[in-house]
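Any read-out appearing in this document is the output of simple, stated calculations on the displayed coordinates, not a laboratory observation. Note that the coordinates shown come from a computational prediction; the quantities given were computed from them, not determined experimentally. FYI the Cβ positions are ideal-geometry reconstructions off the backbone, even for glycines, and counts take in every protein chain you see.
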Amino acid sequence: MHVPDGFLDLPTSIATGVVAVAGIAVALPRARREALDDRKAPMVGIVATVIFAAQMINFPVGVGTSGHLMGGALAAVLVGPATGVLCLTVVLIVQALLFADGGITALGTNITLMAFVTVVVGWWVFRGFMLILPGRRWSVPIAAAAGALVSVPAAAAVFAGLFIVGGTVAVPAGAVFAAMLSWHAVIGVGEAVITALIVSAVMATRPDLVYGARFQRAGRRAARARARGEVPA
């Protein structure tokens, strides 16, 4: 979904750039609170590397753009939503500056779509599923997969909306919307499977490093019991 230079007009690109800067400013202090100890610092680097590699594999979806795995929900569940935003932002900046993957003038647009929309949507869908799923270890990858499944077409829909507002390419907006939503719905299924597999693997070996695991029902009850000085059952 890397948007190239000139695909959106200048006012739209500036507006998304302002959104990107504001979002990064909000994420920075929150990310410091998510990183509770030094053990999780390597996880942040690993998550950024995995997402970087996944995003470099692009699939043409027609009408002048492409699709790929995004990793927003995966990052949010593994390292926290604010830290996930920063991970995706760094990945997108490196891709734009060193690999010409996504335009320089469209960097704000790409950060808004892939670092904000996918992380925020993926995280809140994950949180919603964690409220209704039982407090079992398998609930975390299932909820993460649901977040990934929804986050990808959500980002595609936002892009289609931006194209309707400020698209500069002579392509019908309806064609862009249909191509983006249909292809990214399929990509969302693949991303959901990959997200579930990765989160399952980490949960099986080091569940203490999975940020989203603290939102299991049993985990919340244990945290409240510890806060009261009780020993959880």
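Along the stretch 159-174 the Karplus relation, 6.51 cos²θ - 1.76 cosθ + 1.60 evaluated at θ = phi - 60°, assigns HN-Hα couplings of 4, 4, x, 5, 5, 4, 6, x, x, 10, 8, 6, 10, x, 4, x Hz to successive residues, with x for each Gly and Pro.
Put in line by how crowded their Cβ is, counting other Cβ atoms within 10 Å and starting with the fewest, D5, D101 read D5, D101.
Between the alpha-carbon centres of the stretch 137-195 and the stretch 80-109 there is a gap of 18 Å. Taking every C-alpha pair closer than 8 Å and separated by at least 6 residues, the mean separation divided by the residue count of the stretch 144-219 gives a relative contact order of 41 percent. Of the residues V90, P172, L74, the one whose Cα sits farthest toward the positive end of the charge dipole of the stretch 10-227, with +1 on the Cβ of Lys and Arg and -1 on the Cβ of Asp and Glu, is L74. To test your reading of the geometry: what angle, between 0 and 90 degrees and rounded to tens, separates the Cα axis of helix 217-227 from the longest principal axis of the chain? So the inclination is approximately 60 degrees.
What shape does the chain take by its C-alpha gyration tensor, where a ≥ b ≥ c are the square roots of the eigenvalues and a/c under 1.5 counts as rounded, a/b above b/c as prolate, and the rest as oblate?
Working: a/c = 2.23, a/b = 1.85, b/c = 1.20.
Since a/c reaches 1.5 and a/b is larger than b/c, the shape of the chain is classed as prolate.
Pop the C-beta distance of F99 and L28 into the FRET formula with R0 = 35 Å and round what comes out to the nearest 0.05. It comes out at approximately 0.90. The magnitude of the dipole of the chain, with charges of +1 and -1 set on the Cβ of Lys/Arg and Asp/Glu and taken from the Cα centre, is near 1320 debye.
The order of the peptides 105-117, 85-97, 178-190, 129-141 by mean Cβ neighbours within 10 Å, most packed first, is 105-117, 85-97, 178-190, 129-141. Using a cutoff of 8 angstrom between alpha carbon atoms and counting only pairs six or more residues apart, the relative contact order for the chain works out to 26 percent.
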